[in-house]
Amino acid sequence: MGTSISSIDTSNPSTKYCKKCSRLCIFDVSKLSPNQDFKKAPLSDSKLSLLTKKNVKNYLNSRKKSQKDLANNKKERSKKSVRIFMTQSLDNKNKPDMEYPRSIFLIIATEFCERFSFCGLRTILSLYLRNILLFHENKATVVYHVFIMMCYFVPVIGAILADSCLGRFRTILYFSVIYTVGNIVMCFAATPPIGLEPVTFTMIGLSLIATGTGGIKPCVAAFGGDQFKVPQQEHLLKQFFAIFYFTINFGGFVGMILTPILRKAITCFGDDTCYSLGFGFPAALMIISLGLFIAGKPLYRIKFPKQNIMVRFTTCMMYAICTKIRTKEKDPNRHWLSYAEKKFDAKLISDMKNVLAILYLFFPLPIFWSLFDQQGSRWTFQASRMNGEVFGYQIMPDQIQVINPALVLLLIPLFNKGIYPCLGSCHVLVSPLQRMVAGGFIAGLAFICSGVLEYELEQTYPMLPSKGEAFINFVNSLPCDLMITDSKGNSRTLSMGDMTTIKKIPVFNKTEYNVVLSAMDNCKNTPMNSRHMEIAVPVTEREVRTVLIGIENKKIECYLSDLEDLKKTLSGKPKLRLSVLRSSDKPFEKVTITIKNNVGFSDIYFVPEVAIGVSAYLELLPGQYGFSVFYPESQRTEFEGGLNLELGGVYSLVMREYNRNIVFAKLYAMTPPNTIHMFWIIPQYVFLSIAEVMFAISGLEFSFTQAPKSMKTVTMAAWYFSVACGNLLVIIITQAQFFSNQADEFFLFAALIFVDMFIFAWMSLDYQTVSIESDDSSLTFPEPDENYPLLALTSHEAVLP
């Protein structure tokens, strides 16, 4: 290899003329030993650019003339040394650096802990709002998306602080402290013994967390990008974004698995869940994250802002607008920012044009995020109404969210190493913008799947009366059939042991519903003095009543049960109510009903000594149960039976006792159980995960690589701000309540994203991609008054101008 020829200092008299080749061979004489002969110094063959003899003479005369002046001021001479970069020097400088900065690994570890904390908390948040704070699903959805919206709105503030005064390191540090405090407050709010008002302090904790995570969000990826030297490590920078996003999803993946297990598998403070631990563990992870970030400070490549770029950005825009308005003769082909050229430098204006071109493309993006972030709200509530049993293990509805990061972890290498290269060979989806458009359309397919699934789930939802309506259930405990006839002459047959529901009974100006019960022919074997009975059932708007039909004193008798609560439990567990009809020629005897399963659960219901006894609803684990009717006074077990309670079902066990004997017992499903398995939600998660890989990763890369060096954080903050706007859209649509069922709302979002992506594709057609900007200039040019020769760099050659 030849001696490295990187530069020549004009003050060095050791530069010699090579008689052998009749040219001046410019060597880096600092790398030659004092005894080394100049002629024996190795050359660099064809890559060595040589100066002609004529130009050498001019060069030496110029050097001698200036040598005296340079000696008077060593510092000034050092500043004005002309560094002439030869081709070999440029090759060395631009040679790819294959080693990752050590600080990157600490940044990735910090981000892993932070993502674990945030995703773990977010996973259980919607169920905490609904099940513990007892918010309605719509209200819980709104609060959830307000929280997410804040998480992505605050990045604007964080970006301004990072690019204007604090720098990225201090911005991440300060907001991480706020973040950690918020996690601790959330843990305390969910811990009853501490005594904090749960709703108030939950809102305070969520506000602090949103502020903290939002402040660091635009800075972490950019701070990681700062650790690379561009263009030498440009290839590593591109890999970093994939690794960074992989880390985000892996941290979220682990958090989404463990946090629901912690809040469910462990009981605390007398409850069957432990949200204080569910929030406490993420708080501990956030403390670890903060410690790791501080520990890595000596390794970081920290850049401080040199000017308030946001102020200059805004001032330049306002000046350009005002100048254009005041200008009488306007050039239609002139960019409106060019009107600020008199006051602001061309570099700033050029950077602003690039930024505005990027921000223009961000306008359609909120629609995608309005779909994506419903995983933690609408999709979680949807999963809570499904059956998650797998080989005896019950998948929790908030745990199903782990499908997304798990799939993303698999899809990232699949797309980077397989799908994208194959498509690239066909010149398909080669740019980030093209991939984002495709990802948006695939997200629409995900919501079509969720809408279809919701239509199927509606078959298992409770049938509840609307405004101005009431429902009445009739349960026939007789050993024969009955005919039910209303006041309008409408009749229906109620078979023995069955239940029928009369729906949509109008209750305007009415408080009773009159029906006639008639025994059918197969009741001849049942002794009755009267085969008909007319009753008036009291009805209430939006309420459900149950009429239990029995026999008393050889005539049909009706008993009105308590109001029914047909709504599924918030936890998804089945609930059971006992109803006992009692008729006897003798005084009633004490009766107990015991319900137990094979894992140690047991509950006893004491039947009151009245004609009808109705228990409160029992919320039980799904599975097989046995029940027995016991008479303590006579020490006898009269009846034994079995129950199968499925997830999400609402059940009523109706029994009829006659003369101290159980003559009828049957379990009725008042609300259907969750018969659709939770695995049917996987297709929509697959589509949305593919959409995330194509849209979010490509968008993250686009935001960083296309932004000018001084405005990268601002551009990424605008990217996150589009996420906030997407969550705001969810809040607006939820509050507006355009549709009565959730399926139609899902289809609305699918239609919105399809239209939105067509607009985005059209907008991106005119975008001109810019190349990555280097960390610093590759060339250092002399002052205008210097008399040193300057090499003009052209392609791979260095020639004298």
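The values are calculated or read from the model by the stated rules, or taken from the named source; none is laboratory data. Everything quoted here is computed from the prediction, not taken from an experiment. Virtual Cβ from ideal backbone geometry, glycine too; neighbours counted across all protein chains shown.
Determine which single condition Q624 fails, assuming it passes every other condition in (1) touching a Gly at 6+ places or on another chain (Cβ under 7 Å); (2) surrounded by fewer than 19 Cβ atoms within 10 Å (Cβ to Cβ); (3) part of a loop (DSSP other than H, G, I, E, B).
Looking at each condition in turn, Q624 falls short on (3).
Keeping to the stretch 269-300, report how many residues are within 30 Å of the chain's Cα centre (by Cα) and over 20 Å from N131 (Cβ atoms). Working first, answer last.
Restricting attention to the stretch 269-300, the residues satisfying the condition of being within 30 Å of the chain's Cα centre (by Cα) are 271-297, 300.
Still in the list and also over 20 Å from N131 (Cβ atoms): 283-297, 300.
Residues meeting the conditions: 16.
Can you go through Y100, Y152 and tell me which one is surrounded by 20 or more Cβ atoms within 10 Å (Cβ to Cβ), among the hydroxyl-bearing types (S, T, Y), at pLDDT below 90 and over 23 Å from G280 (Cβ atoms)? I'd like the intermediate steps shown before the answer.
Numbers: Y100 fails: surrounded by 20 or more Cβ atoms within 10 Å (Cβ to Cβ).
Going through Y100, Y152 in turn, the sole match is Y152.
Test F363 against the criterion of being surrounded by fewer than 21 Cβ atoms within 10 Å (Cβ to Cβ) and closer than 30 Å to T315 by Cβ, and give yes or no. Before you say what the answer is, go through the steps one by one.
Numbers: surrounded by fewer than 21 Cβ atoms within 10 Å (Cβ to Cβ): yes; closer than 30 Å to T315 by Cβ: yes.
Criteria met by F363.
Here is a list of conditions, (1) out of contact with any Cys (no Cβ under 9 Å at 6 or more places or on another chain); (2) surrounded by 11 or more Cβ atoms within 10 Å (Cβ to Cβ); (3) not assigned by TED's automatic domain parsing to the domain that holds M256, and I325 meets all of them except one; can you say which number that is?
(2)
The rows are residues; the columns are (1) in contact (Cβ under 8 Å) with a residue 24 or more places away in the chain; (2) assigned by TED's automatic domain parsing to the domain that holds T247; (3) more than 21 Å from F116 (Cβ to Cβ); (4) surrounded by fewer than 21 Cβ atoms within 10 Å (Cβ to Cβ).
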{"position": "T380", "(1), (2), (3), (4)": "yes, yes, no, no"}
{"position": "A383", "(1), (2), (3), (4)": "yes, yes, yes, no"}
{"position": "G418", "(1), (2), (3), (4)": "no, yes, yes, yes"}
{"position": "A438", "(1), (2), (3), (4)": "yes, yes, yes, yes"}
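Can you tell me which of (1) more than 49 Å from the chain's Cα centre (by Cα); (2) without any contact (Cβ under 8 Å) to a residue 24 or more places away in the chain is the one L563 doesn't meet?
(1)
In this structure, does G642 turn out to be under 30 Å from K555 (Cβ atoms) and not in a loop (DSSP other than H, G, I, E, B)?
Considered against the rule, which asks whether it is under 30 Å from K555 (Cβ atoms) and not in a loop (DSSP other than H, G, I, E, B), G642 comes out as no.
So which residues in the stretch 527-555 are in contact with a Lys or Arg (Cβ under 9 Å, 6 or more places away or on another chain) and either under 21 Å from N659 (Cβ atoms) or loosely packed, with under 12 Cβ neighbours inside 10 Å (or both), if there are any at all?
Going residue by residue through the stretch 527-555, those that are in contact with a Lys or Arg (Cβ under 9 Å, 6 or more places away or on another chain) are 527-531, 533, 537-539, 541-542, 548, 550-551, 555.
Passing the criteria: P527, M528, N529, S530, L548, G550, I551, K555.
Hey, among the residues in the stretch 96-135 that are acidic (D, E) and not in a helix (DSSP H, G or I), which one's farthest from the chain's Cα centre (by Cα)? Step through it out loud before you land on a result.
First pass over the stretch 96-135, keeping only residues acidic (D, E): 97, 99, 111, 114.
Going one step further and asking which of them are not in a helix (DSSP H, G or I), we end up with 97, 99.
On the way: D97: 35, E99: 32 Å.
Looking at residues that are acidic (D, E) and not in a helix (DSSP H, G or I), I get D97.
Please work out which one of (1) surrounded by 13 or more Cβ atoms within 10 Å (Cβ to Cβ); (2) within 27 Å of S740 (Cβ to Cβ) is the condition K467 fails and give its number.
(1)
Mind listing whichever residues of the stretch 175-225 are aliphatic (A, V, I, L, M), touching a Cys at 6+ places or on another chain (Cβ under 9 Å) and part of a loop (DSSP other than H, G, I, E, B)?
Across the stretch 175-225, the qualifying residue is only A190.
Considering (1) under 24 Å from the mean Cα position of the chain (by Cα); (2) under 19 Å from I358 (Cα atoms), say which one V430 fails and leave the rest.
(1)
Does G392 qualify as being assigned by TED's automatic domain parsing to the domain that holds F749 and within 29 Å of L621 (Cα to Cα)? Before the answer, list the steps.
Numbers: assigned by TED's automatic domain parsing to the domain that holds F749: yes; within 29 Å of L621 (Cα to Cα): yes.
Taking the combined requirement at face value, the residue satisfies it.
Considering only residues of the stretch 269-305 that are farther than 30 Å from L166 by Cβ, surrounded by fewer than 18 Cβ atoms within 10 Å (Cβ to Cβ) and touching a Pro at 6+ places or on another chain (Cβ under 9 Å), which is modelled with the lowest pLDDT?
G270
Suppose we filter L409, L414, L371 for residues that are at pLDDT below 85, aliphatic (A, V, I, L, M) and within 35 Å of the chain's Cα centre (by Cα); which single one remains? Steps first, please.
Values: L414 fails: at pLDDT below 85; L371 fails: at pLDDT below 85.
Only one candidate qualifies: L409.
Sort out which residues of the stretch 226-268 are out of contact with any Cys (no Cβ under 9 Å at 6 or more places or on another chain) and at pLDDT 85 or above, and write them in order of number.
If the condition is that a residue be out of contact with any Cys (no Cβ under 9 Å at 6 or more places or on another chain) and at pLDDT 85 or above, then I257, L258, P260, I261 are the ones that fit.
Is it the case, given these coordinates, that E638 is modelled with pLDDT under 90, among the charged types (D, E, K, R) and under 21 Å from I551 (Cβ atoms)? Walk me through it before giving the result.
On the way: modelled with pLDDT under 90: yes; among the charged types (D, E, K, R): yes; under 21 Å from I551 (Cβ atoms): yes.
Judged against the criteria, E638 is a match.
So for the stretch 111-122 (the condition being surrounded by fewer than 19 Cβ atoms within 10 Å (Cβ to Cβ) and modelled with pLDDT under 90), does at least one residue qualify? Before the answer, list the steps.
So in the stretch 111-122, the residues surrounded by fewer than 19 Cβ atoms within 10 Å (Cβ to Cβ) come out as none.
For the stretch 111-122, residues surrounded by fewer than 19 Cβ atoms within 10 Å (Cβ to Cβ) and modelled with pLDDT under 90: absent.
With R660, R656 as the choices, which residue is assigned by TED's automatic domain parsing to the domain that holds E619 and under 16 Å from S477 (Cβ atoms)?
On the way: R660 fails: under 16 Å from S477 (Cβ atoms).
So the residue among R660, R656 that is assigned by TED's automatic domain parsing to the domain that holds E619 and under 16 Å from S477 (Cβ atoms) is R656.
Give the residues of the stretch 655-670 that are on the phi > 0 side of the Ramachandran plot and among the polar types (S, T, N, Q), sorted by residue number. Let's see the steps before the verdict.
First, pick out the residues of the stretch 655-670 that are on the phi > 0 side of the Ramachandran plot: 659-660.
The one that is on the phi > 0 side of the Ramachandran plot and among the polar types (S, T, N, Q): N659.
Determine which member of the set S764, S740, S777 is at pLDDT 85 or above, surrounded by fewer than 20 Cβ atoms within 10 Å (Cβ to Cβ) and more than 20 Å from the chain's Cα centre (by Cα). Working first, answer last.
Working: S740 fails: at pLDDT 85 or above; S777 fails: at pLDDT 85 or above.
From the options S764, S740, S777, the qualifying one is S764.
Considering every residue within the stretch 600-621, establish whether at least one is at pLDDT below 90, of a type in the set (S, T, N, Q) and over 18 Å from Y559 (Cβ atoms).
Yes, because at least one residue in the stretch 600-621 is at pLDDT below 90, of a type in the set (S, T, N, Q) and over 18 Å from Y559 (Cβ atoms).
Working only within the stretch 214-246, note down all residues that are among the polar types (S, T, N, Q) and surrounded by fewer than 20 Cβ atoms within 10 Å (Cβ to Cβ). Spell out how you get there, then give the answer.
At the first step, the residues of the stretch 214-246 found to be among the polar types (S, T, N, Q) are 227, 232-233, 239.
Hits for the stretch 214-246 are Q232, Q239.
So, G489, is that one in a loop (DSSP other than H, G, I, E, B) and touching a Ser or Thr at 6+ places or on another chain (Cβ under 8 Å) or not?
no
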